1. Under 6 Å between Cβ atoms, at least 6 apart or on separate chains: pull out the pairs that start in the range 135-147 with a residue that is in contact (Cβ under 8 Å) with a residue 60 or more places away in the chain and assigned by TED's automatic domain parsing to the domain that holds Ala234 and end on any residue that is surrounded by fewer than 16 Cβ atoms within 10 Å (Cβ to Cβ) and of a type in the set (A, V, I, L, M, F, W, C).
2. Can you tell me which residues in the range 22-35 are of a type outside the set (Phe, Trp, Tyr) and over 13 Å from Tyr55 (Cα atoms)?
3. Please count how many residues of the range 101-121 are surrounded by 13 or more Cβ atoms within 10 Å (Cβ to Cβ) and either not in a helix (DSSP H, G or I) or not assigned by TED's automatic domain parsing to the domain that holds Ser131 (or both).
4. Suppose the filter is part of a helix (DSSP H, G or I), in the same structural domain as Pro165 (by TED's automatic domain parsing), in contact with a helix residue (DSSP H, G or I) (Cβ under 7 Å, 6 or more places away or on another chain) and closer than 25 Å to Gly150 by Cα; does Leu74 pass it?
5. Are any of the residues in the range 185-198 in a strand (DSSP E or B), in the same structural domain as Ser69 (by TED's automatic domain parsing), at pLDDT 95 or above and under 14 Å from the mean Cα position of the chain (by Cα)?
6. If Ala234 passes every condition in (1) small (Gly, Ala, Ser); (2) part of a loop (DSSP other than H, G, I, E, B); (3) at pLDDT below 70 but one, which one does it miss?
7. So which pairs qualify, if the first residue must be in the range 50-66 and in a loop (DSSP other than H, G, I, E, B), the second must be modelled with pLDDT of 95 or more and of a type in the set (Phe, Trp, Tyr), the Cβ gap must be under 9 Å, and the two must be at least 6 apart or on different chains?
Amino acid sequence: MFTIIIPTHERPLLLRRALQSLIAQTYKDFQVIVVDDSAAYVPPFPEMVQLTGRYTYVIRSGTLGPADSRNMGLDLVRTPYVIFLDDDDSFEPGHLQAMADHIGTGAPELLHCDYRILYEDRTQNPPTPLSVLEMQTAHVTYDSVHVNNGIPNSCLAYRRDVVAPHRFPTDLLIYEDWDFLLACMRGRTLSYVPTAGVNIHKSPVGAPENIRRGNSRKDLTLETMLYIYKTYPAPNMETRLARLSILNQGSEPASLDQC
């Protein structure tokens, strides 16, 4: 049913946690593709053994970054649905079962679900939990995604034919997952799954071990949003006005022509 694509870069302990969360899934009809853009660490063989016959582990060369790794994973997908899992995130044991139950005998194009943000201290091994935020995506609509992306990448499941024509942009340093989602959404329907089986693990803002790129390149936010707004036109005037409101919170006034 599912292929889980995990891009990874020199975070072996966090990758092991992500894989352990897949091993613990009650629903077993899935394949795992791990794409590692660095050969600095030995693959997590204990976890791989438990996924024997259901995984592909690729060590690739070339440009560093998750976009190229996800694209390589997409080239290997053969299952009906694709899910992306960041190497520092995890799934609750019943997550894939809940997604499969929602799919049922139908064929929804794009699915999204709720999630938890788990803040943790990564100076400890294993990381020490600090706090939890329960987050919902039920409010997210086709229009709202054209304003800002309220769905983390790990909370989405794509039907294979939906993603087939698309790849993650490799020239964006942030928001490449938002760009990919907007490309896949054209002419498609979003389906909400009322389950919170995705754990987004984060270090506190400002922590030295917090290396998520979205937290480190805030200087590119306005420039990249303008690019996305121009690439994916607003579907209606209400959305254009919502975009304008966000842009005008930046340092330079924007106009409707930019939205």
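1. Close Cβ pairs satisfying both conditions: none exist.
2. Of all residues in the range 22-35, those of a type outside the set (Phe, Trp, Tyr) come to 22-26, 28-29, 31-35.
Selection gives Ala24, Gln25, Thr26.
3. As a first pass, look at the range 101-121 and keep what is surrounded by 13 or more Cβ atoms within 10 Å (Cβ to Cβ): 102-103, 108-121.
Filter again for either not in a helix (DSSP H, G or I) or not assigned by TED's automatic domain parsing to the domain that holds Ser131 (or both), leaving 108-121.
Of the residues in the range 101-121, 14 are surrounded by 13 or more Cβ atoms within 10 Å (Cβ to Cβ) and either not in a helix (DSSP H, G or I) or not assigned by TED's automatic domain parsing to the domain that holds Ser131 (or both).
4. On the way: part of a helix (DSSP H, G or I): yes; in the same structural domain as Pro165 (by TED's automatic domain parsing): yes; in contact with a helix residue (DSSP H, G or I) (Cβ under 7 Å, 6 or more places away or on another chain): yes; closer than 25 Å to Gly150 by Cα: yes.
Criteria met by Leu74.
5. From the range 185-198, those in a strand (DSSP E or B) are 190-198; that's our starting set.
Those left that are additionally in the same structural domain as Ser69 (by TED's automatic domain parsing): 190-198.
So of that shortlist, the ones also at pLDDT 95 or above come out as 190-198.
If we keep only those that are under 14 Å from the mean Cα position of the chain (by Cα) too, we end up with 197-198.
Yes.
6. (3) is the only condition that Ala234 fails.
7. Note: pairs meeting the criteria are Arg54/Phe30.
Residues checked against (1) loosely packed, with under 15 Cβ neighbours inside 10 Å; (2) in contact with an Asp or Glu (Cβ under 8 Å, 6 or more places away or on another chain); (3) not acidic (Asp, Glu):
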position: Phe2; (1), (2), (3): no, yes, yes
position: Ile6; (1), (2), (3): no, yes, yes
position: Ala24; (1), (2), (3): yes, no, yes
position: Phe30; (1), (2), (3): no, no, yes
position: Asp36; (1), (2), (3): no, no, no
position: Val42; (1), (2), (3): yes, no, yes
position: Met48; (1), (2), (3): no, no, yes
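The values are calculated or read from the model by the stated rules, or taken from the named source; none is laboratory data. Bear in mind that the values here come from a model prediction, so they are computed numbers and not experimental data. No Cβ is skipped: glycine too gets one built from the backbone with ideal geometry, and neighbour counts run over all protein chains shown.
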